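K.L.:
I have a structure here, written as structure tokens, and I will follow up with some questions on it.
The values are calculated or read from the model by the stated rules, or taken from the named source; none is laboratory data. Being a predicted model, the structure only gives us computed values, none of them experimental. Here the Cβ positions follow ideal geometry from the backbone for every residue, glycine too, while neighbour counts run over all protein chains shown. Ligands, DNA and RNA are excluded from the accessible area calculation, which covers all protein heavy atoms including side chains. Shrake-Rupley method; radii C 1.70, N 1.55, O 1.52, S 1.80 Å.
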Amino acid sequence: MTREKDRSPRGPTERTLVGAALRAGYRAASRLLYGRGDYADWAYERMQRPASAVAMAGNMALRAARVPRVTSFVSMAIEPAFQCNLRCRTCRGRYDMEGLRPKLMPWELFRRAVDEAPPSVESVVFAMAGEPLLNPRLPEMIDHVAASGRRALLVTNGTLLDGEVADRVARSRLSVLTMSVETDAEMARQVRGVDHEELRRKLERFAARKHPLTALKLSVVAHPENEHRLGRLWEEFAGLVEDIKVSPCISLEEAGSRTTCTEPWRGNLCVFTSGDVTPCCFDLRGDLSFGNLNDRRFDEILAGPGVTRVLSMFTSGPMADRCARCHQFLSPHLPRRISR
């Protein structure tokens, strides 16, 4: 198996009985956990090794038994930049986070995160509370992840995907590029303040120069204003992208008392520009931090008391206030993935 083939988000595993079995298993698990199978493709994007599926099953069994630990971590999200050129109404940009942590992840911190990550981590996603393309070393970061034997995935708002930046990303060993968009031109102006048509043109130009094994996808945040417009994206982007991911709008402004969450058991590690390691990409202030990579090695953090302390918040309490207030937009019409 060549490294070039390994770069494919729908690579050799997808074309085997093992790949088909993994997808079927993820669909069954998605129906059991979420009431529908839409989460399956999203799970497969990050977990294509059978060992990862087994680990995830073990993690969810531990959650069901209310045991404050995970069997292993299977994916990692890295925050290249803690800044964004947009202020979307549905995103973290609506919160005041000025000065909360460094605007760019230092290269040495990034290297430690990747080089010291558990061998069980098979994919690395560049995303979280900023626009990754604002980090000038992002293409190098992508190649370093690929050189480590892991798949590199990028989530971007697409506004900076042009010129030399796009050329450098196109030449990198990227497995999946996901552009975050709104449902149509009207929503794009109102919610994001961007030109929807221009974003499509940028994605078309990138598609013409990218490596043939780099998959293109879309992501959309579902909220009350756009939930009935979601189907428009397939009509507009047919033939250009292979999948569209739907994420519910999340807020930390509810006064409720949420007491359960699957996030800490999904086997994902998030590394912020500050070096904090947390299980939740929406942990804006690091309230759920396992520890900091500037202070300790990755293996020391994961073997330390921080993991048990954080997971115990969800099994025996008390839950962090930001988790109790966490709320996602729900609708009977809302799938986690848009149906063609």
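K.L.:
Counting only residues that are part of a loop (DSSP other than H, G, I, E, B) and closer than 26 Å to Thr183 by Cα, which one in segment 73-87 is least open to solvent (accessible area, probe 1.4 Å)? It would help to see each step written out before you state the result.
P.N.:
Pass one, segment 73-87, residues part of a loop (DSSP other than H, G, I, E, B): 73-74, 79-80, 82-87.
So of that shortlist, the ones also closer than 26 Å to Thr183 by Cα come out as 79, 82-87.
Values: Glu79: 0, Phe82: 18, Gln83: 59, Cys84: 48, Asn85: 69, Leu86: 20, Arg87: 154 Å².
Step by step, filter segment 73-87, then rank; the result is Glu79.
K.L.:
Does Val70 fit the bill of being part of a loop (DSSP other than H, G, I, E, B), surrounded by 15 or more Cβ atoms within 10 Å (Cβ to Cβ) and not acidic (Asp, Glu)?
P.N.:
Values: part of a loop (DSSP other than H, G, I, E, B): yes; surrounded by 15 or more Cβ atoms within 10 Å (Cβ to Cβ): yes; not acidic (Asp, Glu): yes.
Answer is yes for this residue.
K.L.:
Quick check, is Asp143 open to solvent by 50 Å² or more (accessible area, probe 1.4 Å), closer than 29 Å to Leu302 by Cα and more than 17 Å from the chain's Cα centre (by Cα)?
P.N.:
Working: open to solvent by 50 Å² or more (accessible area, probe 1.4 Å): yes; closer than 29 Å to Leu302 by Cα: yes; more than 17 Å from the chain's Cα centre (by Cα): yes.
It is true that Asp143 is open to solvent by 50 Å² or more (accessible area, probe 1.4 Å), closer than 29 Å to Leu302 by Cα and more than 17 Å from the chain's Cα centre (by Cα).
K.L.:
Right, here's the next one. In this structure, is Gly130 outside any strand (DSSP E or B), within 17 Å of the chain's Cα centre (by Cα) and not aliphatic (A, V, I, L, M)? Spell out how you get there, then give the answer.
P.N.:
Details: outside any strand (DSSP E or B): yes; within 17 Å of the chain's Cα centre (by Cα): yes; not aliphatic (A, V, I, L, M): yes.
For Gly130, the condition - outside any strand (DSSP E or B), within 17 Å of the chain's Cα centre (by Cα) and not aliphatic (A, V, I, L, M) - is met.
K.L.:
Starting from segment 304-328, take each residue that is closer than 20 Å to Gly267 by Cβ and list its partners that are basic (Lys, Arg), counting only C-beta distances under 6 angstrom and pairs at least six apart or across chains.
P.N.:
Thr315/Arg66; Cys326/Arg258
K.L.:
Given the structure, is Asn292 in contact with an Asp or Glu (Cβ under 8 Å, 6 or more places away or on another chain) and farther than 30 Å from Glu198 by Cβ? Steps first, answer last, please.
P.N.:
Working: in contact with an Asp or Glu (Cβ under 8 Å, 6 or more places away or on another chain): yes; farther than 30 Å from Glu198 by Cβ: yes.
The answer is yes for Asn292.
K.L.:
Considering only residues that are in contact (Cβ under 8 Å) with a residue 60 or more places away in the chain and not small (Gly, Ala, Ser), which ones fall in segment 191-212? Outline the logic, then answer.
P.N.:
Start the filter on segment 191-212 by keeping residues that are in contact (Cβ under 8 Å) with a residue 60 or more places away in the chain, which leaves 191-194, 211.
Listed by number, the residues that qualify are Val191, Arg192, Val194, His211.
K.L.:
Considering only residues that are part of a helix (DSSP H, G or I) and touching a helix residue (DSSP H, G or I) at 6+ places or on another chain (Cβ under 6 Å), look in segment 166-196 and name the one that is most open to solvent (accessible area, probe 1.4 Å). So that I can check it myself, show each step before the final result.
P.N.:
The initial filter retains those residues of segment 166-196 that are part of a helix (DSSP H, G or I), namely 166-171, 185-192, 196.
The next check asks that each one be touching a helix residue (DSSP H, G or I) at 6+ places or on another chain (Cβ under 6 Å); those that pass are 166, 168-170, 185, 188, 196.
Details: Ala166: 1, Arg168: 69, Val169: 2, Ala170: 9, Ala185: 34, Ala188: 1, His196: 6 Å².
Of everything passing the filter in segment 166-196, Arg168 is most open to solvent (accessible area, probe 1.4 Å).
K.L.:
Considering only segment 58-67, how many residues are within 19 Å of the chain's Cα centre (by Cα) and in a loop (DSSP other than H, G, I, E, B)?
P.N.:
The number of residues fulfilling the criteria is 0.
K.L.:
Need at least 1 residues that are of a type in the set (A, V, I, L, M, F, W, C) and modelled with pLDDT of 80 or more per element, so show me which helices (runs of 4 or more DSSP H) inside segment 1-57 make the cut, counting only ones lying wholly within it. Let's see the steps before the verdict.
P.N.:
On the way: elements: 3-6, 17-34, 39-46.
Because the criterion is at least 1 residues that are of a type in the set (A, V, I, L, M, F, W, C) and modelled with pLDDT of 80 or more, the helices (runs of 4 or more DSSP H) in segment 1-57 that meet it are 17-34, 39-46.
K.L.:
Quick one: which strands (runs of 3 or more DSSP E) lie wholly within segment 206-294 and hold at least 3 residues that are open to solvent by less than 20 Å² (accessible area, probe 1.4 Å)?
P.N.:
On the way: elements: 215-222, 243-248, 268-271, 276-278.
Answer list for segment 206-294: 215-222, 243-248, 268-271.
K.L.:
Mind checking which residues of segment 296-340 are assigned to a loop (DSSP other than H, G, I, E, B), open to solvent by 50 Å² or more (accessible area, probe 1.4 Å), farther than 30 Å from Leu230 by Cβ and modelled with pLDDT under 90? Can you show your working first?
P.N.:
Restricting attention to segment 296-340, the residues satisfying the condition of being assigned to a loop (DSSP other than H, G, I, E, B) are 296-297, 304, 316-320, 325-326, 329-336, 338-340.
Filter once more, keeping what is open to solvent by 50 Å² or more (accessible area, probe 1.4 Å): 296-297, 316, 318, 325, 330, 332-333, 339-340.
With the extra rule that they be farther than 30 Å from Leu230 by Cβ, the set shrinks to 296-297, 316, 318.
Once the filter is applied, which keeps residues that are assigned to a loop (DSSP other than H, G, I, E, B), open to solvent by 50 Å² or more (accessible area, probe 1.4 Å), farther than 30 Å from Leu230 by Cβ and modelled with pLDDT under 90, segment 296-340 yields Ser316, Pro318.
K.L.:
Any idea which of (1) over 20 Å from Asp243 (Cβ atoms); (2) under 19 Å from the mean Cα position of the chain (by Cα) is the one Gln190 doesn't satisfy?
P.N.:
Only one criterion in (1) over 20 Å from Asp243 (Cβ atoms); (2) under 19 Å from the mean Cα position of the chain (by Cα) is unmet by Gln190, namely (2).
K.L.:
Restricting the search to segment 56-90, which residues are within 19 Å of Cys281 (Cβ to Cβ) and of a type in the set (A, V, I, L, M)?
P.N.:
Residues satisfying the conditions are Met56, Met60, Val70, Val74, Met76, Ala77, Ile78, Ala81, Leu86.
K.L.:
Let me ask something else. Suppose the filter is part of a loop (DSSP other than H, G, I, E, B), among the polar types (S, T, N, Q) and within 30 Å of Pro136 (Cα to Cα); does Thr90 pass it?
P.N.:
Values: part of a loop (DSSP other than H, G, I, E, B): yes; among the polar types (S, T, N, Q): yes; within 30 Å of Pro136 (Cα to Cα): yes.
Yes.
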